[in-house]
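The values are calculated or read from the model by the stated rules, or taken from the named source; none is laboratory data. Keep in mind it's a predicted model, so treat the numbers as computed, not measured. Positions of Cβ are backbone-derived with ideal geometry, glycine not excepted, and every protein chain shown enters the neighbour counts.
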Amino acid sequence: MALGLTLIFSILDIINFAHGEFYMLGGFVTYYAFAVFGVNYFLTLVLAVLVVGGAGVLAERVVFRHLRGKTLNAFIVSLGLLWVLQASAQLSFGVLDKSVPSAVSGIVRVFGLVISRERLVVIVTASALITALYLFLKFARTGQAMRAVAQDPDAAALQGVNIEAVSALGFGVGCALAGAAGALLAPVFAVSPTMGALPVVKAFIIIIVGGMGSLPGAVLGGLLLGAVEGIGTLFMTSAAVNMLGFLVVIAILLVRPRGLLGVA
């Protein structure tokens with residue numbers, strides 16, 4: 001989810017506060033396709049990526065197309081989109097939480113550690129998505145165009161890059177990653193119209209700690225936040241653990257204002 005958020009920021013210079021609602025949409029796609037209609041879970045994951053990615057492209061064309069670089073305007077508009085999507089989900093899906101059955105069951109022992117197969121699927125799939133995104137941005141021509149637009153849109157346009165198409169695709173890929181996160185975690189947590197509220201806050205913590213616009217920073221920030229919260233749960237209540245992320249942000253920004261891997 002943090003990868004998608006920082007990808008959108010690096011390409012469009014937009015802070016998308018509605019990112020959690022695309023995560024929520026991925027969860028509901030999984031609920032209806034897998035829990036209600038019985039579609040294979042892994043096919044459902046692909047479906048969630050495609051549906052949410054398409055919704056992201058539509059949002060970029062309709063809402064964010066003319067807000068590139070207008071950070072404050074985009075911030076206000078994304079807050080409005082957040083409420084619209086959340087209210088629409090409440091009207092369409094209801095306000096009650098919905099449970100998604102586990103796609104796999106049992107536990108696995110890895111080097112003396114005990115982990116559920118369900119969470120192992122999340123770890124492996126998330127790692128595969130991170131690797132796929134890296135390879136796409138590194139070697140695919142379209143991915144290289146995205147990196148060019150992120151570095152210098154004007155120079156990229158002079159080289160024949162279609163800025164509008166790349167921006168729409170980048171926004172769609174970023175939202176698709178959020179949808180994948182929602183689909184992966186739907187069986188782990190309940191699905192609800194407000195399920196994206198806490199994850200989007202954690203995603204912002206991650207990209208600020210790692211460095212705004214840095215994809216490796218998002219990975220590093222995610223691992224760091226996960227480690228801090230995982231260790232914190234051994235000694236603190238859940239409410240106190242949620243504060244740890246903000247304390248980490250404050251501590252890191254005091255020492256390194258642009259984040260761990262951010263550039264000036």
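Of note:
- Note on the range 1-35: residues that are modelled with pLDDT under 90 and of a type in the set (Asp, Glu) total 1.
- Test result for Ile207, outside the structural domain of Arg68 (by TED's automatic domain parsing), touching a residue at least 40 places away in the same chain (Cβ under 8 Å), part of a helix (DSSP H, G or I) and touching a Ser or Thr at 6+ places or on another chain (Cβ under 8 Å): yes
- Only one of the numbered conditions (1) out of contact with any helix residue (DSSP H, G or I) (no Cβ under 7 Å at 6 or more places or on another chain); (2) in a helix (DSSP H, G or I); (3) within 26 Å of Leu12 (Cα to Cα) is not met by Gln90, and that is (3).
- All positions within the range 137-155 that are aliphatic (A, V, I, L, M) and in contact (Cβ under 8 Å) with a residue 24 or more places away in the chain: Leu137, Met146, Val149, Ala150
- The criterion of being on the phi < 0 side of the Ramachandran plot, touching a residue at least 60 places away in the same chain (Cβ under 8 Å) and of a type in the set (Phe, Trp, Tyr) does not hold for Phe246.
- Residues that are among the β-branched types (Val, Ile, Thr), crowded, with 17+ Cβ neighbours inside 10 Å and under 16 Å from Ala218 (Cβ atoms), drawn from the range 232-264: Val248, Val249, Ile252
- Of the numbered criteria (1) more than 23 Å from Leu7 (Cβ to Cβ); (2) among the polar types (S, T, N, Q); (3) without any contact (Cβ under 8 Å) to a residue 12 or more places away in the chain, the one Ser102 fails is (3).
- Answer from Val51, Val114, Val95 - the residue that is touching a strand residue (DSSP E or B) at 6+ places or on another chain (Cβ under 7 Å) and either small (Gly, Ala, Ser) or farther than 30 Å from Leu261 by Cα (or both): Val114
- Residue that is farthest from the chain's Cα centre (by Cα) [pool: residues in the range 106-139 that are loosely packed, with under 11 Cβ neighbours inside 10 Å and among the aromatic types (Phe, Trp, Tyr)]: Phe111
- In the range 54-82, the residues that are outside the structural domain of Asp152 (by TED's automatic domain parsing) never reach a residue that is surrounded by 14 or more Cβ atoms within 10 Å (Cβ to Cβ) and not acidic (Asp, Glu) with C-beta atoms less than 6 angstrom apart, at least six apart or across chains.
- Verdict on Phe189 being within 30 Å of Val36 (Cβ to Cβ), at pLDDT 85 or above and not in a helix (DSSP H, G or I): yes
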